[in-house]
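K.L.:
I'd like to ask some things about the structure below.
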Amino acid sequence: MARSSDRAPGATGTPDAVDSTEVTDGSDAVGDPLRPSDHYDSVAPAEPAAGDTAASSGGDRDGGVTNPRLGLVGYLRFFWRQLTSMKTALFLLMLLAVAAIPGSLVPQRTSDPNGVVQYRADHPDLFPVLDKLGVFDTYSSPWFSAVYLLLFISLIGCIIPRTKHHFEALRARPPRTPARLSRLAGYRSVTLEAGEGGASGVDLDPAAAVTAARAQLKRASYRTEVFGDSVSAERGYLRETGNLVFHSALVGVLLTVGVGGGFGYTGQRVIVEGQTFTNALVSYDSFNPGRWFSDSQLSPYNITLDKFRTTYEETNTDALGQPTDYTADVTTRTQGGDPRSTQIKVNSPLAIGGSTVYLLGNGYAVDVTVTAPDGSEPFTDTIPFLPQDANLTSQGVIKVPDGLSEQVGMIGFFYPSAVETGDGSGILASSYPDLLNPVLSLNVYDGDLALDDGVPQSVYSLKTDDMTEIAGAGAENGQKALQLTPGETADLPNGLGTITFNDVKRFASLDVHHDPSQVWVLLFAVLTFGGLLTALFVPRRRVWVKATATGTGLRLEYAGLARGEDPTLDRAVGEVARTHLTTLGVPADAAKAASRPGSTSNDTGPSASRGGRRITP
């Protein structure tokens, strides 16, 4: 059914807003000759003949509409269309961003297992609730996965039909020229009249004008089609292409992150100065593999921590002792390669063997030796102590299961710059994070370390249920805690032996992250950005040029139509008109004046004159 448009001149809208076969025949309408025959206010259809059930099955005799029952298939189709709508996809994308917030607020087991343990100790009441909700495994929790999968399905369901429609639009011809160009945006009408005696340098042939307009629009990358006395042109399909690339690349990001995470792994290792880490499964302190991880993915390499350096603020009294820089000097070696010296900083990770090594933390490690009464050394090691405050007061545990008459455990406190608290209790504290006055204080226990119970224990904790404190504040024998400075040796109570504080070293906590999807994520991210820019800044528009002969010359009409908002459409139509007039031989000044927005009559009635500007060469 042919329809006419009620859009006012200069209005913009979608290409569907104006029917390409618009006519002026209003014989089927009532009141308004421009009203389409199927308008709500048009003449009602005749009553169906008696017995004509097919004509009356769609409604009752009063003209009402009976909605059909959807049924199971209908409801499924309805929910599918809602899920695959762009509005739902945007909502799910926002919901996914909101669902990811807990992952940045609380420590995650995959990246910071020690932080989870500490959070449990700091918040014993809140931890069980958050743990049941899966907050400490945010990105693998059921609720996060549900949003993730729904977004994935929504995007695919949205992209496939739009891609099919876009390819069909690319193969389709430009639409026919509307009958009333004056209703469209940027409308201009120019009448060229022959001068006296017909002497003129302007070509007044309508066919030549249409041919020139088509050639001009083709040069401007429009797709063109000639319909009698007019040429129809369109361009801007790259806008929809960019839109589809944006959404397809977003699906690619979701897919590569989801699948790539299954082949990756994350591991943590604490390395003391002078020690070497080898990229093997047994060398990690904690390891979190992906679902499809295999040992063959571990590339052979090792990292030696040569020196760990920390720079502290020393001039600003308000920030005295605050760290300003951390640097881990390391030596790396890959299989078949030569040693290479490099550095790892907080914001400058190390790339090696397809993995990325990040610097997570640091602290002090005490080098101690326990000597038995017979002179043997059942224990000698460098033990990392965990920092407890900004001045690096640190706590650690020393366990000596064999070699002495009793199993011995020690809870140690290390003070880099030890000072007394001043309350007469003899309790120490650290006043500065650097090594100005290092002191090691040890509370000693003997008894059963419970290492044979079959229950895993942390190397940073000591189970004292079956042990007796023999040195420290709780010792029944009155023995005070042992205090040592580097190079000193102290006797263990009950003649168990001696302990020597050899030295203090720094340690670095490294996080090794392997993600084979990083390159693909980067590629899809670039495509997402490029597609978004294309969809935002490439205008989708149609332009028409119509040439009709008059009694004394040639009438030219120009108009355009945008899909969506296009503030530059009027100017673009004016530029088409100016260039076209110049091509036909109109002087440049006259063509520029004629192509201005003021060259259009504002009367929109059916009998209005559309003469616009007249040019007499």
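K.L.:
Per Stokes-Einstein, at 10 °C and 1.306 mPa s, what whole-number D in µm² s⁻¹ belongs to the range 263-353, with the Kirkwood radius over Cα pairs as the hydrodynamic radius?
P.N.:
105
K.L.:
Additional query: For Ile427, which sequence-distant residues (separation of 5 or more, or a different chain) have an amide H within less than 5 Å of its own amide H, given hydrogens modelled in the peptide plane?
P.N.:
Amide H neighbours of Ile427: Thr421.
K.L.:
Relative to the compact globular guide of 2.2 N^0.38 Å, what is the alpha carbon radius of gyration of the range 266-514, as a ratio?
P.N.:
1.12
K.L.:
From the phi of every residue in the range 203-211, what ³J(HN,Hα) in whole Hz does the Karplus formula 6.51 cos²θ - 1.76 cosθ + 1.60 yield, where θ is phi - 60° and glycine or proline is x?
P.N.:
7, 9, 7, x, 4, 5, 5, 5, 5
K.L.:
Could you please put Ile159, Ile153 in sequence from largest to smallest accessible area, using a 1.4 Å probe?
P.N.:
Heavy-atom accessible area, descending, gives Ile153, Ile159.
K.L.:
Can you list the HN-Hα couplings for the range 157-173, worked out from phi with the Karplus curve (6.51, -1.76, 1.60; θ = phi - 60°), rounded to whole Hz and with x for Gly and Pro?
P.N.:
x, 7, 6, 4, x, 5, 5, 4, 5, 5, 5, 5, 5, 5, 8, 6, 7
K.L.:
Considering amide H positions built from the backbone, and no H for Pro or chain starts, which residues 5 or more places from Ile470, or on another chain, come under 5 Å of its amide H?
P.N.:
Amide H to amide H, under 5 Å and 5 or more residues apart or across chains, Ile470 pairs with Val444, Tyr445, Asp446.
K.L.:
If you take all C-alpha pairs in the range 328-426, what percent of them are over 18 Å apart?
P.N.:
The answer is 67 percent, as a whole percent.
K.L.:
Which cross-chain or sequence-distant (5 or more) residues have an amide H under 5 Å from the amide H of Ala365, H modelled 1.01 Å from N in plane?
P.N.:
The answer is Phe385, Lys505, Arg506, Phe507.
K.L.:
Here's another thing I want to ask about it. When the Debye formula is applied to the Cα atoms of the range 180-260, each taken as the same point scatterer, what base-10 log of I(q)/I(0) results at q = 0.10, 0.12, 0.13, 0.18 Å⁻¹?
P.N.:
For the range 180-260 at q = 0.10, 0.12, 0.13, 0.18 Å⁻¹, log10 I(q)/I(0) is -0.49, -0.60, -0.65, -0.93.
K.L.:
Would you check the accessible area of Trp292, probe 1.4 Å, heavy atoms only, in square angstrom rounded to 10?
P.N.:
120
K.L.:
To continue, here is another question. Given the pairs Lys399/Lys463; Lys480/Lys505; Lys87/Lys164; Lys307/Lys399; Lys307/Lys463, which span a C-alpha to C-alpha distance of over 22 angstrom in this model?
P.N.:
Exceeds cut-off: Lys480/Lys505; Lys307/Lys399; Lys307/Lys463.
K.L.:
Also, I was wondering about something else. I need the peptides 469-478, 73-82, 174-183, 567-576 ranked by packing, meaning the mean over residues of other C-beta atoms within 10 angstrom, with the highest value on top.
P.N.:
Descending mean neighbour count gives 174-183, 567-576, 469-478, 73-82.
K.L.:
Under the Karplus relation 6.51 cos²θ - 1.76 cosθ + 1.60, θ = phi - 60°, what is the ordered set of whole-Hz ³J(HN,Hα) values for the range 460-465, x standing for Gly and Pro?
P.N.:
So the Karplus estimates, Gly and Pro as x, are 9, 9, 10, 8, 9, 4 Hz.
The values are calculated or read from the model by the stated rules, or taken from the named source; none is laboratory data. Computed from a predicted structure; not experimentally measured. Glycine also receives a Cβ, built like all others from the backbone with ideal geometry; neighbour counts cover every protein chain displayed. Keep in mind that these areas ignore ligands, DNA and RNA; they rest on the heavy atoms of the full protein, side chains included. Shrake-Rupley method; radii C 1.70, N 1.55, O 1.52, S 1.80 Å.
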